[in-house]
Every structure is written in C-alpha cells, then in structure tokens.
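K.L.:
Take this structure first; my questions come after.
The values are calculated or read from the model by the stated rules, or taken from the named source; none is laboratory data. All values reported here derive from a predicted model rather than from experimental measurement. Here the Cβ is made from the backbone with ideal geometry for all residues, glycine too, and neighbour counts use every protein chain on show. Only protein heavy atoms, including side chains, enter the accessible area calculation; ligands, DNA and RNA are left aside. Shrake-Rupley method; radii C 1.70, N 1.55, O 1.52, S 1.80 Å.
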Amino acid sequence: MSGGEVHNVIIIGSGPAGYTAGLYAARAMLSPLMFAGYMSGGQLMLTSDIENFPGYPQGIGGPEMMIQLREQAERFGLKVHDKNVERIDTSSQPYSVWVEGEEHKSHTLIICTGAEAIWLNAEGEAEQKGRGISTCATCDGAFFRDEEIIVIGGGDSAMEEATFLTRFASKVTLIHRREVFKASKVMYDRAANHPKIEIKTFRQVTKWLSDEKGLSGAILEDPRDGKTEEISCTGAFIAIGHKPITNFLENQIETDDSGYVIHKEHTMTSVPGVFAAGDVVDTRYRQAITAAGMGCQAAIDCERWLEDNIH
Ligand code: NDP
C-alpha cells in the first residue's frame, strides 16, 4: 500500500468531470488524489474546437481546455498521477484502488472515467484499424491529404468529423443508416452545405475492402432492400457513438445494461461514498459543460458524505 495513508477522496479519470471534481475537492481542503489515466484529459484531447463551452467567445481547442482545467485544479492542490486504475475494492471502508499493482486507500471515490468510441465491427475492420480506419479525425485526419474519405454516423460526432476532414480530404462521403439525423441542426447544416461533403443515407458498411497499401473501399448495403454498392476510399472514420469505461469496476458498482454507472442518490452510486460524474453516467447530454457541472455536484456530495460519515 502507498505509505499506509488513507485519502479523503480518490478521483478516477480526468475529463471535464474529473478536473472539476478535483478543483472543488481541492478547494474544500480534501487533498484529493487523481488517477488521470495514461492518456489524461479524456475525449476532449481528441476534439479540435469547442465552441459551446460558455466563456470562450472565440472557441478553444480541446487539449488546450484540458490543460487549463488541470492547471486550475492543481493550483488548489489536486495531485494528479497519469496512471490507469486496474481495479477497485469497495467491500469495506476505506476503499482500495489498485494502480500498477500498488494499493491506495480512500474513504470516497469519484468515478469520472468517461466513455470511448464504439467500432462498427464490419468484416475486415480489425485488419484495417490504424491502416485507414480510425475513430478520431483530429488524430488521424492529416494522413489523408487529397484522398477520398468516408465518415459513418448521423450524430454530432459524425458531422464534426466530416466537416473537420474537409481540411485534408479531396472528398468526404458521409454514410448514415437512415434519413433522420440525430445531429443538431447547426452541425448538420454545416456538413450538408459543405461543397466537399456528399451525404448518402440508408447505407450500412457491411465489409471493408483493402489492397496492398491498406484500405481501398467499402461495401455499402441499403437496409431497406439489401442492395449493395461499392465505394472507394482510402480513409474511413467511424463516428457512431461511445460506450462507458467501466470494466475496471468489475460489477461492484451498479450499472445499466450498457455499462453506464447508475446514480442512486444525487451523484452517489449504489455504493455509499462512491460517486460518479460525466459521460460514465450520462446517456443523455454528454457535453463538456454538463460533465463539468456534474463533477462539481459529485465533489459537493462527496464533501457532505465525508462530513456525515467519516469526519
Ligand atoms: P450519437 O449517439 O448522437 O449518434 C450516433 C450515430 O451513429 C447515430 O446517428 C446512429 O444512428 C449511428 N449509429 C449507431 N450505431 C450504428 C451502427 N452500428 N451502424 C451505423 N450507424 C450507427 O453519438 P455522437 O457521438 O454523435 O454524439 C454523442 C453526444 O455528444 C451527443 O449528445 C452530441 O450532441 C455530443 N457531441 C457534441 C458535439 C459538439 O457539440 N461539438 C460534437 C460531438 C458530439 P441512428 O440515428 O440510426 O441511431
């Protein structure tokens, strides 16, 4: 165990929810410890411009915002380790958190591990991951300069990826399985009106095609009648949503069927003293601002729980 010390609160995960929880917990003099993950900062590290977080009239880059949130929380005393949590044990107080084989004890936990991209899992996908198929335009878009790219999905992520990729691609084809789009009107319009973007509805990728250089195209199927067609592309970006990162909880905290952590009382989970905030619980809003707000709520709930139950 790390020095026999029992922490007040360990925060697991470092997106806007985690850093805001850290900021509030630090300012409440709880000396919070955060395990930020090897890739700290969460999904916004992969986002180009954030235009809808209040207070940034010109927008701000995702990584830049996460660096600022971290600095702000650290200024008040949040201790951050860029390491992954392997598992937790909430069977007795204080709770245990294992990181690189080392046990850390804490009276409370705030889980802010967020979510990760879902893959399509069409035929041939595994072989082409990283050879043409990606889930992150900001990370990989620049590899496809003057090439033809497809983007799959009908939500805001797909619109954002498609629009962003026009910076590099000669053409972007947006593939969606039906004709109704989940995307907000402003983001749909931006993509639909872009001269480099073509939108194809009622299409599902059933198979990825490749040649010696990597991805070369895909077979698209119309879900209404099963008719297929071939599209050529050297890059493909899958933007069909995310799933929560909760496998390290090993069923100790109640989740829904999709793995999202369930709040029982305010931000507290099924285990007393274990709180959760951000995309790991949120199936509805999933915004940076709502995650930050929930991180604040979790830290306040955590502080009150410690007062009532421990101190
Ligand atoms: P969404 O759940 O909103 O959309 C997922 C899309 O993928 C849907 O159109 C869905 O189709 C499609 N899809 C799901 N599974 C499959 C599949 N197996 N095959 C083909 N298509 C599939 O996810 P997003 O990641 O787009 O957005 C998540 C949240 O993040 C939203 O709240 C969004 O507003 C927010 N967001 C905000 C941004 C911003 O404001 N800058 C940027 C990006 C995201 P169907 O419609 O048929 O279900």
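K.L.:
Need the failing condition index for GLY154 against (1) of a type outside the set (S, T, N, Q); (2) more than 10 Å from the ligand (Cβ to nearest atom); (3) closer than 25 Å to LYS196 by Cβ, just the number.
P.N.:
Failed condition: (2).
K.L.:
Sticking with this one: Select, from GLY241, GLY214, the only residue that is touching a Lys or Arg at 6+ places or on another chain (Cβ under 6 Å) and touching a residue at least 60 places away in the same chain (Cβ under 8 Å).
P.N.:
One residue alone meets the criteria, GLY214.
K.L.:
Filter segment 109-141 for residues that are more than 14 Å from the ligand (Cβ to nearest atom), more than 14 Å from the chain's Cα centre (by Cα) and open to solvent by less than 50 Å² (accessible area, probe 1.4 Å) and give the result.
P.N.:
Residues satisfying the conditions are LEU109, ILE110, GLY124, GLN128, GLY132, SER134, ASP140, GLY141.
K.L.:
Pairs under 6 Å by beta carbon, first residue at negative phi in segment 290-311, partner open to solvent by 60 Å² or more (accessible area, probe 1.4 Å) and not hydroxyl-bearing (Ser, Thr, Tyr), six or more apart or different chains?
P.N.:
Cβ pairs passing all conditions: ASP301/HIS266.
K.L.:
Which ones in segment 38-53 are near the ligand (Cβ under 8 Å from one of its atoms), modelled with pLDDT of 80 or more and either within 15 Å of ASP140 (Cα to Cα) or β-branched (Val, Ile, Thr) (or both)?
P.N.:
ILE50
K.L.:
Oh, and also: Mind checking which residues of segment 167-196 are open to solvent by less than 20 Å² (accessible area, probe 1.4 Å) and either touching a residue at least 40 places away in the same chain (Cβ under 8 Å) or over 23 Å from the mean Cα position of the chain (by Cα) (or both)?
P.N.:
ALA169, VAL172, THR173, ILE175
K.L.:
OK, next. Give segment 232-242 a look and list any residue that's within 16 Å of the ligand (Cβ to nearest atom) and open to solvent by 20 Å² or more (accessible area, probe 1.4 Å), or say none.
P.N.:
Within segment 232-242, ILE240, GLY241, HIS242 meet the criteria.
So that you can scan it fast, the table gives a plain yes or no per residue for (1) at negative phi; (2) over 16 Å from the mean Cα position of the chain (by Cα):
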position: GLY22; (1), (2): yes, yes
position: MET29; (1), (2): no, yes
position: LEU33; (1), (2): yes, yes
position: TYR38; (1), (2): yes, no
position: MET65; (1), (2): yes, no
position: GLN68; (1), (2): yes, yes
